[in-house]
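Structure first, then comments.
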Amino acid sequence: MSKIIKLHDKFFKHYIDAEQIDKAIDSLVSQVLDDLDDEEPVFIGILNGSFIFMADFIRKYPSHCQVNFVKLSSYEGTSSTGKVNQVIGLTQSLEGKTVVILEDVIDTGNTLAKIYEIFEGMNVKELKLATLFFKPDVFKKDLHIDYIGISIPDRFVVGYGLDYNELGRNLKDVYELKTDNMKNIVLFGQPGAGKGTQADLLKDRYNLIHLSTGDVFRRHIAENTDLGRIAKSFMNFGELVPDSVTIEMLKDEVNKHRTANGFIFDGFPRTISQAQALDAFLGEKGEIVNGLISLEVPEDILVSRIIERGKTSGRPDDQSEEKIRIRFNEYETKTSVLKGYYMERGKYFGINGVGSIDEITEAIIKVIDNI
Ligand code: AMP
């Protein structure tokens with residue numbers, strides 16, 4: 001799995017490593033040297049983003065040169081505002097000098113236009129421009145760039161001096177904004193609330209994987225695996241399978257679907273530590289739980305639904321009211337606290353789980369379409 005980092009509210013995935021950047025700078029230095037060997041160029045870094053590029057470039061440059069900076073700014077968040085401001089000006093005269101501007105990244109060219117505007121009025125001998133990264137797909141200006149390090153598609157990148165709202169500049173490698181996020185929904189509710197029925201209907205509509213931990217355990221029991229034998233000793237009595245076993249099993253199941261658009265988790269999480277483990281596990285992949293949808297059904301209706309289901313399901317835990325009561329008790333004591341966990345995070349959505357299957361599906365769709 002490629003490395004994922006989080007800056008503020010966004011996830012970024014590994015894109016270009018430091019070694020490749022180093023090679024690109026070697027190449028830029030030798031191109032500039034070929035052109036300007038007998039000059040004493042003034043290298044001008046465009047702050048803030050270029051400071052690391054500038055430092056590495058200058059240390060590699062083997063001839064006499066001078067260094068200066070200007071500070072320009074056009075970004076807010078992840079998009080260029082289009083308006084470029086000069087925040088700090090030059091502190092030396094450039095008249096008659098050979099000037100090489102060092103930019104970290106050129107995308108729309110708005111900053112570049114401002115650079116040309118600032119430097120062309122200074123009677124320099126020669127003005128050249130080098131950029132470490134260049135985004136040809138979005139470059140709109142008819143302006144010349146003399147040296148290009150690495151051309152990249154139109155992606156928002158951080159690291160190696162580049163930031164997202166001031167974070168990420170210190171990263172040695174470059175990371176790109178992760179945009180291909182999954183949709184992960186937890187279908188929640190007491191036994192018999194209709195989670196399985198609804199998940200089956202929703203998975204095709206949203207092209208998601210329906211992951212029922214109860215179904216996975218039952219499969220293992222049918223196949224008499226080690227995990228099945230452990231699960232059976234709890235399930236048949238209506239008790240929860242221990243967290244450590246359940247969490248590892250869930251991770252394995254999620255990892256089987258590396259290209260999934262997302263998951264409908266049915267029957268997981270059922271405890272706070274399962275919810276925490278799910279957040280951490282998805283976080284490592286740059287993913288989140290988008291929302292928990294709770295199907296709310298009064299207990300007397302649930303009991304009659306389960307007894308009815310028990311006539312055909314063949315599930316031992318559906319067969320007696322005593323086991324059903326144990327399952328409700330497990331829910332009350334260990335699972336119902338999850339409402340608060342997701343509510344605190346603004347991710348709890350309650351739905352009336354009594355009505356026709358279609359009505360309930362419609363109500364869930366309304367929620368999913370808005371998260
Ligand atoms: P279900 O099919 O969701 O009603 O689950 C049936 C049984 O499987 C539960 O009563 C538990 O014994 C076990 N089980 C399913 N999911 C979990 C979970 N997330 N944590 C612990 N046990 C679970």
* Structure fact -> Scanning region 304-317 residue by residue, those of a type outside the set (Lys, Arg) and either farther than 23 Å from THR361 by Cβ or not in a helix (DSSP H, G or I) (or both) turn out to be ILE307, GLY310, GLY314, PRO316, ASP317
* Quickly run through region 219-239 and pick out the residues that are closer than 17 Å to LYS251 by Cα and crowded, with 17+ Cβ neighbours inside 10 Å. => HIS220, LEU227, GLY228, ALA231
* **Single residue of ARG315, ARG325, ARG258, ARG270 found to be open to solvent by 60 Å² or more (accessible area, probe 1.4 Å) and within 10 Å of the ligand (Cβ to nearest atom)** => ARG270
* To do: Please indicate, with yes or no, whether at least one residue in region 213-220 is away from the ligand (no atom under 16 Å from the Cβ), free of Cβ contacts under 8 Å to residues at least 40 places away in the same chain and in the same structural domain as ALA193 (by TED's automatic domain parsing).
  => no
* What is the one condition in (1) within 13 Å of the ligand (Cβ to nearest atom); (2) among the small types (Gly, Ala, Ser); (3) in contact (Cβ under 8 Å) with a residue 40 or more places away in the chain that ALA231 does not satisfy? -> (3)
* Does region 15-30 contain any residue that is open to solvent by 60 Å² or more (accessible area, probe 1.4 Å) and farther than 18 Å from PHE133 by Cβ? -> no
* To do: Scan THR108, THR91 and give me the residue that is modelled with pLDDT of 90 or more and not small (Gly, Ala, Ser).
  => THR108
* Residue check, PHE133 against (1) crowded, with 21+ Cβ neighbours inside 10 Å; (2) in contact with a Leu (Cβ under 7 Å, 6 or more places away or on another chain); (3) not hydroxyl-bearing (Ser, Thr, Tyr), all met but one. Which one? -> (2)
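The values are calculated or read from the model by the stated rules, or taken from the named source; none is laboratory data. The model shown is predicted, which means the values in this text are computed figures rather than measured ones. A quick note on method: Cβ atoms are made from the backbone with ideal geometry, for glycine too, and the neighbour counts reach across all protein chains shown. Each accessible area value is taken on the protein alone, full model and side chains, heavy atoms only, with ligands, DNA and RNA left out. Shrake-Rupley method; radii C 1.70, N 1.55, O 1.52, S 1.80 Å.
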